[in-house]
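Peer 1: Here it is, the structure, as structure tokens.
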Amino acid sequence: MNPKDLGELLAEPRIARRVSVENLMLVSLGLRMCSQTTIPAELPSGEAMGAAIDARFKPQMERLRAIQDQKMKIKAIGEIRKGMASAFEEVVEGSPDYKALASWAKRLGLKVNQVEVRPTVHEVYLYRERDTLKELQRLTQERGKLRVEAVKRPEPSRGQLQFAYPEEFNGPWIRRMGRLLGYPDCCVDRYASDREQGINVEERAATQLKELQGEPDPHTYLASYFFPCTPTCEKAKARGELYHSKLSEALPEAGEAYEAIIRENLERVRRQPEIIGEYLSRIRGA
Ligand SMILES: [Zn+2]
């Protein structure tokens, strides 16, 4: 990556800085095998796009609730899903934000694997090597099987989450994806075993910070949505330091941006249980 590209990417208003640095630059520099960006949520106008699609389907969703006949209901759900998929294409994939992400990926020589989680939620994986794509495809396929399994044999203790994110309850799947995203083994193992045991990872990580003597090193919080096994994990810290120094070498401003981002990551982990609480009360209130 040349300094000119890095500088222009940092100044790109249609991509969140966090996404530019963690998801584009680190993969482009060969420091991460792969990154994951959820869309539209992680696009700058993501919230507005989500709201626009929701508003468009509100009348149909309300009518759906009134349908008693099972056959009619399944047909109506199928129509809504189809409509949502084309709304996603139009609103999200047609947006300047999405186009900016796609064109920057191309400019940096990154490959894109886009996976549909739901008709209106996709994941964009950026990667460089063919082997990474193969592993991503295997994981996507397995997630599909886990979803079928969850619908067939739901686990009452897991609630609604198991249908939307069945992989979050599968240790081996989490471990493989965590490695692909460049997280240290010890942290991935802890995350996976917590999830398997039904321990709330966000609560655990926030509590660890609360109980920590002294100030944590932000380098340990090397990427957003990453939870280190402990706030003093040496492996995570070393990796964050490596990312920081390589980015600074490539362009000092990129290093500075990363430093600000990992501080935000640390603060987000501190506040994560509250953030989730606010989110849940918002969707329940809606
Ligand atoms: Zn660790």
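Peer 1: Any chance you could run the full-extension gain for ALA66 through ASN113? It's 0.36 nm times the residue separation minus the Cα-Cα distance, nm to one decimal. Kindly include the intermediate steps, with their values, before the conclusion.
Peer 2: Numbers: separation 47, 0.36 × 47 = 16.92 nm, distance 3.80 nm.
Result: 13.1 nm gained on full extension.
Peer 1: Can you tell me the length gained on complete extension of the stretch GLU274 to LYS152, counting 0.36 nm per residue apart and subtracting the Cα distance? Each step should come with its number before you reach the end.
Peer 2: Details: separation 122, 0.36 × 122 = 43.92 nm, distance 3.29 nm.
Gain in length upon complete extension: 40.6 nm.
Peer 1: State whether region 175-237 is rounded, prolate or oblate according to the following rule on the C-alpha gyration tensor (a ≥ b ≥ c being the square roots of its eigenvalues): a/c under 1.5 gives rounded; otherwise a/b larger than b/c gives prolate, and the remaining case gives oblate. Don't jump to the answer; show the numbers that get you there.
Peer 2: On the way: a/c = 2.16, a/b = 1.21, b/c = 1.79.
Oblate shape, in that a/c is at least 1.5 and b/c is the bigger or equal ratio.
Peer 1: Ok, one more. Accessible surface of GLU142 in the full protein assembly, 1.4 angstrom probe, to the nearest 10 Å²?
Peer 2: 70
Peer 1: To the nearest 10 Å², what's SER281's accessible area with a 1.4 Å probe?
Peer 2: Looks like 80 Å² after rounding.
Peer 1: Computed FRET efficiency, Cβ-Cβ of ARG130 and GLU211, R0 51 Å: what is it to the nearest 0.05?
Peer 2: Values: r = 44 Å, r/R0 = 0.86.
My answer for the efficiency is 0.70.
Peer 1: For the chain, treating each Cα as an identical point scatterer without solvent, what Debye log10 I(q)/I(0) comes out at q = 0.09, 0.11, 0.12 1/Å?
Peer 2: -0.48, -0.72, -0.86
Peer 1: A further question follows. Given a Förster radius of 30 Å and the C-beta distance between ASN200 and ASP54 as r, what FRET efficiency does 1/(1 + (r/R0)^6) yield to the nearest 0.05?
Peer 2: Working: r = 27 Å, r/R0 = 0.91.
Taking R0 as 30 Å, the efficiency between ASN200 and ASP54 is 0.65.
Peer 1: What is the gain in length, in nm to one decimal, between ASN2 and LYS235 on full extension, counting 0.36 nm per residue of separation less the C-alpha to C-alpha distance?
Peer 2: Numbers: separation 233, 0.36 × 233 = 83.88 nm, distance 2.83 nm.
Once the chain is fully extended between ASN2 and LYS235, it gains 81.1 nm.
Peer 1: Which of these, ASP97, ASP131, ASP69, has the largest mean-square fluctuation under a Gaussian network model of the chain (Cα springs below 10 Å)?
Peer 2: Greatest mean-square fluctuation among the candidates belongs to ASP69.
Peer 1: Another question, if that's okay. Taking every pair of Cα atoms in region 140-286, average 1/r, invert it to obtain the Kirkwood radius, and report Rg/Rh to two decimals. List each step's numbers first, then the result.
Peer 2: Values: Rg = 17.0 Å, Rh = 16.7 Å.
So for region 140-286, dividing Rg by the Kirkwood Rh gives 1.02.
Peer 1: Only Cα pairs within less than 10 Å get springs; with that Gaussian network setup on the chain, which residue of ALA52, ALA41, ALA100 has the largest fluctuation?
Peer 2: Largest GNM mean-square fluctuation: ALA52.
Peer 1: If you average the sequence gap of Cα pairs under 8 Å that are 6 or more apart and divide by the length of region 1-128, what percent do you get for the contact order? Intermediate results must be reported in sequence, preceding the final value.
Peer 2: Working: 139 pairs, mean separation 43.1, N = 128.
Once divided by the residue count of region 1-128, the mean separation gives 34 percent.
Peer 1: At 1.4 Å probe size, with no ligands or nucleic acids counted, give the accessible surface of GLU256 in Å², nearest ten.
Peer 2: Accessible area, nearest 10 Å²: 120 Å².
Peer 1: What does the C-alpha gyration tensor say about the overall shape of region 77-215? Classify as rounded when a/c is under 1.5, otherwise prolate if a/b is larger than b/c, or oblate.
Peer 2: Working: a/c = 1.75, a/b = 1.26, b/c = 1.39.
The shape class here is oblate.
The values are calculated or read from the model by the stated rules, or taken from the named source; none is laboratory data. Model, not experiment: these values are computed from the prediction. Glycine gets a Cβ as well: all are built from the backbone with ideal geometry, and neighbour counts include every protein chain shown. With ligands, DNA and RNA removed, areas are computed over all heavy atoms of the protein, side chains included. Shrake-Rupley method; radii C 1.70, N 1.55, O 1.52, S 1.80 Å.
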